[in-house]
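Presented below is the structure to which this report refers.
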Amino acid sequence: MLYIEKMAPRKITGANYTTAVNGMVHPDRVMEEHDFLYVLDGEWEIWEEGQRYEMRTDDLLILAAGRHHYGKRLCSAGNRHMYFHVEPTEREREKMCTDDLKEDPRPVCEREQKKRAEDLKAGMRFAKEQDSGNLEMVVESSQEHVIRTETFMDEMEAPRQPSPLFESATLVHCQHAPQVRRCFQELIASYWSQEPLREERLTLLFNLFLLELIGAQADCGSRAAKTDPIVAAVRERVSSNPQMFYRAKEMADQFYICPRTLNNRFQRACGMTFSAFQMDLKLEMVREFLRSQPDAKLHEAALNFGFYDEFHLSKAFRKKYGQPPSKARNRIDKPQSLD
């Protein structure tokens, strides 16, 4: 396990794709950055601090900064993987310090206080060795050092809002979370781009990647057993073509399965048939459309979301929500004319 700070500025120091034609051994090293490694195709065995991790296609491994990671044997021939390196934040460094430096249990502020006190004593010893002409200046400098030390301690002791930390697994299986892979690839593409505000975009992409990673790990504990790659693909197909209403057979044929299998998959994953899922999604999209476009005609909403006409839309909407579509509109009062 390791801790990653959410929604923090980031510095990406490297990102790329690699193909190991004849296989390769993971480098034996301790890095100053976190190493995010995603296997696109193949298998790989990697060790970190004596712990072995076996990676397969669509597995993500996060090797923490400051830890020893290495390989003992070649990955599979033709292995394709991608990676990026990101500097840890101060909050992450502090967490790693408290976790790893167990031989020095003093809190960070106490260690810093002692260090500054030792620096102050050294300054005063230096002052005594100077001639009288320079002594006054050195003492004044030492007094300023005392003031800065006291100010620093006040800041350390003042209550601070802790940065949110996400406790992540080291090895994450992303077979049912394709959005993690897409975010990873988009981050690499931006790293190699020459676009304006590149660093800012990389920070945003890393935090989006992290949010998807959090969601993927949450799904592993609750809904992973119900996740189905065909159901996920059908969901995306329906949501990205809102003007279409698909029959179960039409959609099943696109994935080389029968309508009964499609409905059974949706029943296991969503608790409803494909047709019921499609109708629910369409009505949610209509409601959102009417909220954001309160002046739109109902027949326009029906056309945009695949309903035969406004009558059929209104009937289905009332059945689901118990009210007509007009109640879903967020009307904004327009300013009155001053004429």
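The values are calculated or read from the model by the stated rules, or taken from the named source; none is laboratory data. The structure displayed is predicted, hence computed values, not measured ones. We place every Cβ from the backbone using ideal geometry, glycine too, and count neighbours over all the protein chains shown.
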- Query: Mind checking which pairs have a first residue in region 194-216 that is assigned by TED's automatic domain parsing to the domain that holds residue 179 and a second that is of a type in the set (D, E, K, R) and part of a helix (DSSP H, G or I), Cβ under 7 Å, 6 or more apart or different chains?
  - Reply: 195/201; 205/186
- Complete set of residues in region 2-43 that are of a type in the set (Asp, Glu), surrounded by fewer than 20 Cβ atoms within 10 Å (Cβ to Cβ) and farther than 18 Å from residue 199 by Cβ: 28, 32, 41, 43
- List the helices (runs of 4 or more DSSP H) that sit entirely inside region 163-280 and contain at least 1 residues that are under 30 Å from residue 54 (Cβ atoms) and more than 17 Å from the chain's Cα centre (by Cα). 198-222, 229-240, 259-270
- Say whether the condition of being surrounded by fewer than 15 Cβ atoms within 10 Å (Cβ to Cβ) and either of a type in the set (Val, Ile, Thr) or part of a strand (DSSP E or B) (or both) is met by at least one residue in region 56-67. no
- Message: Taking the condition of being without any contact (Cβ under 8 Å) to a residue 24 or more places away in the chain, surrounded by 13 or more Cβ atoms within 10 Å (Cβ to Cβ) and either hydroxyl-bearing (Ser, Thr, Tyr) or not in a helix (DSSP H, G or I) (or both), how many residues in region 282-308 meet it?
- Response: 2
- Item | Residue that is modelled with the lowest pLDDT [pool: residues in region 187-236 that are farther than 30 Å from residue 272 by Cβ and among the acidic types (Asp, Glu)] | 195
